[in-house]
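What follows is calculated from the coordinates using simple rules that are stated; it is not laboratory data. Bear in mind that the values here come from a model prediction, so they are computed numbers and not experimental data. In this analysis, Cβ positions are derived from the backbone assuming ideal geometry, glycine residues included, and neighbour counts consider all displayed protein chains.
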Amino acid sequence: MWAQYLSIPEVNNLESERFIKIFGNIVEHCLAAGIGILKNRPFGDVEDVVKAIFQYLDGLKLSEKEKILQLYPDSVSKLAGFSNSMLEFNTHQKIVNAAPTNIRFEDKKRLKQLSKNYKEKFGFPFILCSKDENIDNICETIESRMLNDKNTEIEVALEEVKKIAKLRIYEIIK
């Protein structure tokens, strides 16, 4: 999170290098995203920035979208590996904003296996932007998305990336 928000005029007046550095992080350390939306300045409001990143992501080739997804950390596996005393955390994806204080060993094992299966099938980690998910819901979502073919899942995961990017933009711009 930024120490202070930027206004739209400040965003529009950022030096290109600084703009790319700031907005290259809204899509998991992908400077190309910052470069991709730079040309859309000046922005009228924060929604113009959101639209620009959505257009950038939608305009990528399928293989480029997959590479973006591979940049994301495997937060679900990390969640499954945490001890119960470490579960109060908040990932970039906001997988578990109010993480349960006590996850059963069986649930951790299930979550870790599902995450592993997902990554083996699709070649990138499971990405979910949600504030209210519990372990059962996360597992059910992974199981449901495992039914997708790879191309479909790339698009589904990219929609989650867009949600994350939008949240990150709102953390930068007031």
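Go through Lys21/Lys51; Lys65/Lys116; Lys78/Lys162; Lys78/Lys174 and tell me which ones have a Cα-Cα distance over 30 Å in this structure. Over 30 Å Cα-Cα: Lys78/Lys174. For the pair His29 and Asp149, a Förster radius of 35 Å applied to the C-beta separation gives a FRET efficiency near 0.80, rounded to the nearest 0.05. What FRET efficiency comes out for Lys121 versus Ser7 if R0 is 35 angstrom and r is the Cβ-Cβ distance? Round to the nearest 0.05. Taking R0 as 35 Å, the efficiency between Lys121 and Ser7 is 0.20.
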